[in-house]
Amino acid sequence: MPHITVDYDKPLHDSFDRRRFALALHSLAAKTVDGITVESCKTRFRSVDEVVIADGEPGQALIHVEFAILPGRTTEIKTALSRAVLDLVRTHTASVPDTVVHASVDVLDLSPSYTKHVRSAHVERSAHVE
């Protein structure tokens, strides 16, 4: 926790530094929401093959961040996180040449059935989070 998914389309592929964005995102999350640590953050990126925006004019791109956290955070905390993530997206996509970037963020609760398992050479942990 949290689980972060970033969907983006092809115009962003070469100019969007995904690793740099993820590292900044993890730090931002830990500073914004109590209970989130950098070590607990996981971000995956999905390149979308085709996106059609509005009337299909070229020169547009889409990036959407879904940020799933444990339930119990207030609407105010979720809104603050959403706005901070959107600002970070803007910063990391500002240099995309000749492209209008449509960016959005959705902060949502993980389901009550969320469970996890972590295995490494030294530690093995499973947890059902309540």
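Please treat every number below as a calculation from the coordinates, not as lab data. Computed from a predicted structure; not experimentally measured. Methodologically, a virtual Cβ is constructed for each residue, glycine included, from the backbone with ideal geometry; neighbour enumeration extends over all protein chains shown.
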More than 15 Å from Ile69 (Cα to Cα) and surrounded by fewer than 13 Cβ atoms within 10 Å (Cβ to Cβ) - does that describe any residue in region 35-42?
no
Please give the number of the condition Glu66 fails out of (1) among the charged types (D, E, K, R); (2) part of a helix (DSSP H, G or I); (3) within 21 Å of Asp7 (Cβ to Cβ).
(2)
Please go through region 46-63 and give me each residue that is part of a strand (DSSP E or B) and crowded, with 17+ Cβ neighbours inside 10 Å, ordered by number.
Gln60, Ala61, Leu62, Ile63
Residue list for region 70-118, filter: more than 15 Å from the chain's Cα centre (by Cα), among the hydrophobic types (A, V, I, L, M, F, W, C) and not in a helix (DSSP H, G or I):
Ala94, Val96, Val100, Val101, Val118
Filter region 14-62 for residues that are touching a residue at least 40 places away in the same chain (Cβ under 8 Å), among the basic types (Lys, Arg) and under 18 Å from Thr91 (Cβ atoms) and give the result.
Arg20
Looking only at region 83-124, which residues are basic (Lys, Arg) and without any contact (Cβ under 8 Å) to a residue 40 or more places away in the chain?
Arg83, Arg90, Arg119
Within region 8-23, is there a residue that is buried (at least 17 other Cβ atoms within 10 Å of the Cβ), assigned to a strand (DSSP E or B) and not acidic (Asp, Glu)?
yes
Just one of the numbered conditions (1) farther than 16 Å from Val85 by Cβ; (2) in contact with a Cys (Cβ under 9 Å, 6 or more places away or on another chain) is not true of Ala22; which one?
(1)
